[in-house]
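This report concerns only the one structure given below.
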């Protein structure tokens with residue numbers, strides 16, 4: 001064994017996300033304990049491809065008869081009776097195909113039946129690539145135990161080794177006894193990711209690092225943890241921003257720009273902006289006001305597949321399973337239409353109209369009509385980050401004016417014909433007092449919820465949509481949303497992947513926990529509803545406005561804000577919100593404000609920041625943090641967070 005100490009500090013670094021990566025530059029501080037590690041290589045073993053999917057009728061009949069449903073060729077179901085070598089071969093084959101497959105159409109779900117996998121002398125250690133969901137099929141996280149690690153590492157290229165583009169993957173509902181003998185620097189549980197890579201219902205027994213410090217420059221940018229427990233240290237490292245909700249951590253090492261905790265036991269104390277005395281920057285909220293955990297597939301004691309739908313909760317901290325099983329309801333798989341990408345939108349709508357829930361097996365679904373969710377408490381659950389693409393310029397999915405709908409684990413990709421909206425919750429309505437009654441449209445005790453729902457405008461192919469997500473319903477929970485107008489990939493350009501706004505909220509009592517919205521061409525988030533709340537917001541303004549004249553919200557008003565609260569709104573709260581600028585067309589482009597809100601006692605913002613990202617190629621910047629307050633972030637003060645602790 002060779003003792004290797006991780007660096008005690010990471011100083012000033014340059015982070016780039018150019019046309020194939022990200023451009024950012026910032027101060028990174030890292031406090032790590034010495035690690036006893038050793039070096040080894042993990043072999044990659046080929047595995048035979050999956051067979052063809054059965055017909056829809058046979059899958060439906062199997063589910064109705066109580067037989068395990070066919071979850072499509074992209075789903076790998078593992079059993080503890082299988083040998084570790086066999087499992088290793090299968091999961092390594094998926095990793096080999098997916099680790100660099102950023103814009104490909106392949107989708108995978110790796111599901112572990114209840115039991116224990118790997119041993120102390122023969123652990124199971126494997127990597128998670130793009131569009132891969134790893135999940136346990138137990139009722140509780142302790143029902144599936146992996147002795148080993150499930151890891152994400154840097155990708156290495158011309159810019160060095162970074163995690164800035166490690167998107168679109170997930171892990172949930174299992175326990176990891178961290179067992180990484182002979183892994184050298186890579187001892188521990190590594191989850192070096194950026195956006196759209198959530199950890200949920202995970203219990204990690206051992207050290208966890210959210211960056212890959214074994215290869216440089218090791219940059220990472222943004223992540224999401226919920227309903228999880230970490231018995232050992234959590235190393236934030238170079239993560240520029242990170243959101244942790246309703247979890248328990250043994251310790252948290254450091255912050256960079258915007259580390260936010262809500263209802264997290266063991267979280268660092270509030271310390272914003274960063275200070276020598278308290279570390280940080282940390283924004284710490286004692287309890288989460290409203291939450292609803294993501295539904296999940298599991299196998300019951302009789303071997304039947306079911307979906308568990310957690311109940312909504314208020315003013316909570318810690319995990320939902322700390323004192324027993326998560327509260328909620330269990331739904332038989334026979335109550336779901338188990339869809340495959342070959343199923344038409346018409347066929348899916350027919351099943352939804354019959355009152356069935358929807359389980360989307362891994363793949364890309366090209367839709368020629370809107371998927372319509374009309375029944376209260378409908379569950380729409382995607383496996384393997386299933387993707388929906390409208391092909392005729394229609395809304396991809398709409399939800400009627402009903403409460404309790406839950407949509408989770410789905411990516412919405414804009415199609416080549418511009419859609420007005422990709423996902424619409426509730427119908428648009430007239431101004432207050434001018435439209436029909438809202439009675440029956442929502443329920444505070446049974447809110448509609450979105451968990452791990454992601455939107456893309458461009459990237460895999462040319463995509464266009466005016467708005468990605470429109471929320472017209474009241475009492476909605478938005479939990480881990482990433483709306484991204486692509487800055488790299490296919491079909492990318494100011495006049496190619498066109499999109500005005502990532503999120504429009506017209507409903508009241510809408511709560512966002514973990515909101516990431518980037519690169520839209522006008523105001524990124526428009527919030528018109530009353531009693532709204534955002535805890536953690538991460539934004540980058542568009543990189544590519546061709547000129548200031550092309551990016552003006554009104555005559556004499558430079559650019560567009562990252563988040564705009566409507567002028568008539570009387571009640572709104574925002575906590576832990578950051579907006580960054582990097583204009584890469586070689587001309588000065590400015591935004592007057594990162595945040596614009598009405599100045600009224602009921603609208604309050606806490607812990608805000610802006611940053612100018614890259615002085616080597618960037619121009620322009622943000623003039624003010626909020627409503628002319630807070631000062632500017634431009635080439636005059638690159639890489640330095642400009643903060644406002646409270647507004648007003």
Inset, instruction - Report the full-extension gain for the segment residue 82 to residue 494: residue separation times 0.36 nm, less the Cα-Cα distance, to one decimal in nm. - result: 143.2 nm
Legend entry - Among beta bridges that DSSP assigns inside the chain, antiparallel share in %, nearest 5: 20 percent
Legend entry - For 344, 579, 330, 317, order by how many other beta-carbon atoms lie within 10 Å, fewest first: 330, 344, 317, 579
Legend entry - Fewest-first ranking of 224, 272, using other Cβ atoms within 10 Å as the exposure measure: 272, 224
Legend entry - Extension gain from residue 354 to residue 101, taking 0.36 nm per residue of separation minus the Cα-Cα distance: 87.4 nm
Inset, instruction - Report the calculated FRET efficiency for residue 251 and residue 287 (r = Cβ-Cβ distance, R0 = 30 Å), to the nearest 0.05. - result: 0.90
Legend entry - Förster radius 30 Å - calculated FRET efficiency between residue 277 and residue 314 (Cβ-Cβ, nearest 0.05): 0.35
Legend entry - Fewest-first sequence of 153, 329 by Cβ atoms within 10 Å of each Cβ: 329, 153
Legend entry - Between segment 308-350 and segment 369-391, the Cα center-to-center distance that results, in Å: 13 Å
Inset, instruction - Express as a percent, rounded to the nearest 5, the fraction of DSSP beta bridges in segment 137-243 (both residues included) that run antiparallel. - result: 10 percent
Legend entry - For a label point 7 Å along the Cα-to-beta-carbon line of residue 304, residues of segment 329-343 with backbone N under 13 Å: 330-336
Legend entry - Computed [θ] at 222 nm, deg cm²/dmol, the chain (DSSP H ≥ 4; -39,500 (n - 2.57); rounded to nearest 500): -1500 deg cm²/dmol
Legend entry - Packing rank of 536-545, 208-217, where each peptide gets the mean count of other beta carbons within 10 Å, highest leading: 536-545, 208-217
Legend entry - Fully extended contour minus Cα-Cα distance, from residue 68 to residue 600, at 0.36 nm per residue: 185.9 nm
Inset, instruction - Assuming R0 = 45 Å, can you tell me the calculated FRET efficiency for the pair residue 122 and residue 640, based on Cβ-Cβ distance, to the nearest 0.05? - result: 0.35
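All of the numbers you see were taken from the coordinates with simple rules; none came from a lab. Predicted model only: the values in this text are computed from it and were never measured. We place every Cβ from the backbone using ideal geometry, glycine too, and count neighbours over all the protein chains shown.
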